[in-house]
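S.K.: Have a look at the structure that comes next, please.
The values are calculated or read from the model by the stated rules, or taken from the named source; none is laboratory data. This structure is a prediction, so every number in the text was calculated from the model and none was measured. Counting neighbours? That spans all protein chains shown, and the Cβs are built from the backbone with ideal geometry, glycine included.
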Amino acid sequence: MRPTGRATEGPCFEVAIEPFWMAAHELTWDEYKRYMAACDLFNAMAAARIRPVTPENEADAVTAPSNLYDPTTTFTNGEDPRQPAVTMTQFAARQYTGWLSGLTGDFYRLPTEAEWEYACRAGSSSPWSCGDEADTLAAVAWFADNADDTTHPVGQLEPNAFGLYDMHGNAAEWVIDQLAEDGYASQAAGSQPLAAADAIAWPTELEGRVIRGGAYYDDADRCRSAARRGSDDEAWKEIDPNLPKSPWWYTEEPALGVGMRLVRPLSSASREEQQRWWQADIDSIREDTASRVMQGRGARALIDPDLPAELKEKGLSN
């Protein structure tokens, strides 16, 4: 079993947060489906020898997720354009931020745990940004008591003090960090406050990657600002019939309520630093992705802001 629960929520430590923008709500199907559509587009680019991916440039390539094997699983809770996009792996979420960054020329990524909790608390020190009592949560969160066992269109309830919607409940949200059995012991052992970069627990394993905020099926306790949960890829892909199993998609609960929210740091970073936020970080993800792309169940391409005009000129669209 992966570590979870309150035992992993301490000890407390301080972080010097650097300025960043955060999306007002969780990423929606309207936004994520544009990335999903890139699979067929990338395959068409490869067939037309447009921006071929080679051993020399493949480190800069972005993958697009495979077309869905069973859409009814992914869209169990519907696919309203304003509902949060869910069931993507952390790798897929990271690749989405690389794809968006390439198209826009801006640096988008997942938040760190420290950034996420700072934004969720919005200056509060109570269990939830809305206060100390669970009966106040329904005003700001879709959770087990009021969600009717489904996600809801984003931004319907009250925002927190920073103007951010659905930080509690609706869809749980990926952060970049990995969950450790001893919680934040390594961060708390250092001098305080930690620099933002030093507070990150970069993933070194496939499982145990952190999601925050709780989802529509969670009780109030799991939606607290401090609550953490680690991913469990083997269980979350149990009915995936593919070999290797998809590096982009999960197939069952609780991943039906796992999505993401983007941040854009005020200060940019070198290309090498940005790639660390976007790309696969362990061999098993790299190997599974390469295998799936070779099978035609996924695709990759080189992305930059000039791509849309180039594709239009060559009779393709994105």
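S.K.: Report, by residue number, each residue of the range 18-40 that is buried (at least 17 other Cβ atoms within 10 Å of the Cβ) and either under 30 Å from L194 (Cα atoms) or more than 15 Å from the chain's Cα centre (by Cα) (or both).
M.R.: F20, M22, A23, H25, E26, L27, A38, C39
S.K.: With respect to T54, is the statement that it is closer than 27 Å to A269 by Cβ and loosely packed, with under 14 Cβ neighbours inside 10 Å true?
M.R.: Judged against the criteria, T54 is a match.
S.K.: So which residues in the range 61-96 are surrounded by fewer than 18 Cβ atoms within 10 Å (Cβ to Cβ) and not in a loop (DSSP other than H, G, I, E, B)?
M.R.: Result: P71, T72, T73.
S.K.: Please work out which residue is nearest to W277 (Cα to Cα), limiting yourself to the range 102-148 and to residues that are part of a strand (DSSP E or B) and touching a residue at least 60 places away in the same chain (Cβ under 8 Å). Walk me through it before giving the result.
M.R.: Step one: list which residues in the range 102-148 are part of a strand (DSSP E or B), which gives 109, 128, 131, 142.
Okay, now just the ones that are also touching a residue at least 60 places away in the same chain (Cβ under 8 Å), so 109, 128, 142.
Numbers: R109: 6, W128: 28, W142: 29 Å.
Among them, the one singled out is R109.
S.K.: Has the range 175-186 got any residue that is farther than 27 Å from E31 by Cβ and of a type in the set (S, T, N, Q)?
M.R.: Within the range 175-186, one or more residues are farther than 27 Å from E31 by Cβ and of a type in the set (S, T, N, Q).
S.K.: If we scan the range 228-250, do we find a residue that is touching a His at 6+ places or on another chain (Cβ under 7 Å), closer than 21 Å to A119 by Cα and either modelled with pLDDT under 95 or buried (at least 21 other Cβ atoms within 10 Å of the Cβ) (or both)? Break it down stepwise before answering.
M.R.: We begin by selecting, within the range 228-250, every residue touching a His at 6+ places or on another chain (Cβ under 7 Å); these are none.
No, the conditions are met nowhere in the range 228-250.
S.K.: Now a separate question. State the number of residues belonging to the range 270-300 that are surrounded by 14 or more Cβ atoms within 10 Å (Cβ to Cβ) and outside any helix (DSSP H, G or I).
M.R.: 7
S.K.: Provide a single number: the residues in the range 43-60 that are part of a helix (DSSP H, G or I) and more than 22 Å from the chain's Cα centre (by Cα).
M.R.: Going through the range 43-60, the residues part of a helix (DSSP H, G or I) turn out to be 43-47, 58-60.
After this cut, where a residue has to be more than 22 Å from the chain's Cα centre (by Cα) as well, the list is 43-47, 58.
Here the count works out to 6.
S.K.: Could you please give the count of residues in the range 170-181 that are in contact with a strand residue (DSSP E or B) (Cβ under 7 Å, 6 or more places away or on another chain) and either within 16 Å of A23 (Cα to Cα) or not in a strand (DSSP E or B) (or both)?
M.R.: Number satisfying all stated conditions: 7.
S.K.: Which of the residues spanning the range 201-227 are closer than 16 Å to I282 by Cβ, crowded, with 24+ Cβ neighbours inside 10 Å and not hydrophobic (A, V, I, L, M, F, W, C)?
M.R.: Scanning the range 201-227 gives a single hit, R209.
S.K.: Filtering the range 7-36 down to residues that are without any contact (Cβ under 8 Å) to a residue 60 or more places away in the chain and touching a strand residue (DSSP E or B) at 6+ places or on another chain (Cβ under 9 Å), which residue is nearest to V258 (Cα to Cα)?
M.R.: W29
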